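Structure record follows, encoded as structure tokens.
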């Protein structure tokens with residue numbers, strides 16, 4: 001009897017093991033199918049389909065770069081490289097929220113900091129294309145309080161207004177109570193009523209200034225009659241299928257937005273400047289930014305002649321290579337080769353957006369834990385064209 005009982009127990013255990021194995025196999029197959037479907041939906045057919053041989057040849061070099069710059073899964077964000085709208089390489093690693101231990105995924109929106117300026121500029125160009133405004137139009141014709149008569153839409157876009165950075169003049173005693181949250185309208189009112197002089201005469205030189213894009217956001221609101229966040233959905237996000245992208249609303253999203261961290265994962269708290277939008281405060285993903293890049297560069301979305309003006313440098317008063325277009329940083333080498341990009345940094349968030357129109361290549365890196373390696377992705381341009389970058393360059397990135 002004892003032998004029979006042992007045999008029965010053994011048979012039951014074997015049966016349970018088989019059933020468990022089948023269950024895990026089905027679960028694994030289900031996950032594989034889901035991932036395949038998710039990735040398949042990302043292909044944006046903006047050019048000839050890449051061959052597997054081509055993809056593999058680039059993947060190896062990108063993987064080497066990735067492992068060198070983000071060893072031991074230290075990215076804590078998202079990263080992708082694409083050509084012709086087709087993703088060659090992507091990674092999503094780390095924790096989006098340290099408190100809840102939420103994992104970073106392809107749909108986790110991260111604060112893209114000053115890369116927001118590229119998207120704000122695109123919305124302005126769409127309004128120009130629609131005949132709602134012109135590049136040479138004075139800001140005073142739209143914002144009645146605006147105190148600087150020579151500033152135009154174009155000088156706001158290319159940072160040639162001479163305006164001062166709101167983060168600096170609001171720190172001065174008697175200008176603003178930093179216990180109160182600052183708004184875009186507050187910035188305009190302060191400049192109009194507190195005697196905030198220009199730093200230099202408008203359109204005499206370049207000076208990168210967040211105030212320019214805070215004002216452009218107000219112009220978008222005045223022209224469309226809608227809040228900036230709604231206007232951006234209508235003009236850019238929805239038409240380009242950017243489903244995981246939104247403009248941060250301080251009162252609505254401050255408790256739910258993906259937080260940002262220092263390098264040791266200590267939380268960086270928000271401050272009185274966190275409600276300002278246009279220059280920052282767009283949350284997005286690498287995949288959505290790929291959709292943006294691919295869509296923005298297409299003739300069906302934006303007039304090519306108008307878009308071309310965004311890629312012309314307006315800031316190089318003295319001979320050099322660094323330049324700025326309409327919402328776009330660039331390097332213009334004497335050889336005629338041009339490199340287009342925009343970086344971002346706000347609190348612990350770092351972002352890098354690179355677009356190579358000639359090669360139809362997009363490179364995106366986002367992180368919500370401070371890491372300067374984000375900016376090194378520019379070196380990957382050397383894989384696709386004649387760019388004087390080195391994949392193993394450990395020098396300081398700008």
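Bear in mind that the values in this text are calculations on the coordinates, not laboratory data. Only a predicted model underlies this, so the values are computations on that prediction, with no experimental measurement involved.
Would you mind classifying the stretch 270-318 by shape? Square roots of the alpha carbon gyration tensor eigenvalues, ordered a ≥ b ≥ c; an a/c under 1.5 is rounded, otherwise it is prolate if a/b is larger than b/c and oblate if not. Here the stretch 270-318 falls in the oblate category. Sort out for me the Cα centre separation of the stretch 77-103 from the stretch 209-230, rounded to whole Å. Spelled out, the Cα-based centre of one part sits 29 Å from the other.
Computed across the stretch 283-398, the Kirkwood radius stands at 15.1 Å (inverse of mean 1/r, all Cα pairs). Compactness of the stretch 222-358 was expressed as the Cα radius of gyration divided by 2.2 N^0.38 Å, which yields 1.19. Under the shape rule built on the C-alpha gyration tensor, where the axes satisfy a ≥ b ≥ c, the stretch 137-264 is oblate, since a/c reaches at least 1.5 while a/b does not exceed b/c.
When both the stretch 110-157 and the stretch 171-194 are represented by their alpha-carbon centers, they are found 21 Å apart.
Below 8 Å between Cα atoms, with a sequence gap of 6+, how large is the relative contact order for the chain in percent? Don't skip to the answer; put the middle values down first.
Working: 681 pairs, mean separation 80.0, N = 398.
Rounded, it is 20 percent for the chain.
Based on the Stokes-Einstein relation at 25 °C and a viscosity of 0.890 mPa s, and on the Kirkwood radius from alpha carbon pairs, the stretch 52-383 is assigned a translational diffusion coefficient of 120 µm²/s. Of the residues 274, 249, 177, the one that moves most in a GNM of the chain with alpha-carbon contacts below 10 Å is 177.
Each part reduced to its alpha carbon centroid, the stretch 320-376 and the stretch 233-306 end up 16 Å apart.
With the helix formula -39500 (n - 2.57) applied to DSSP H stretches of n ≥ 4, the chain reaches a computed 222 nm mean residue ellipticity of -10500 deg cm²/dmol.
With a/c under 1.5 counting as rounded, go ahead and sort the stretch 189-296 into rounded, prolate or oblate using the C-alpha gyration tensor (a ≥ b ≥ c being the square roots of the eigenvalues; past the cut-off, prolate if a/b is larger than b/c, else oblate). Because a/c hits 1.5 or more and a/b fails to exceed b/c, the stretch 189-296 counts as oblate.
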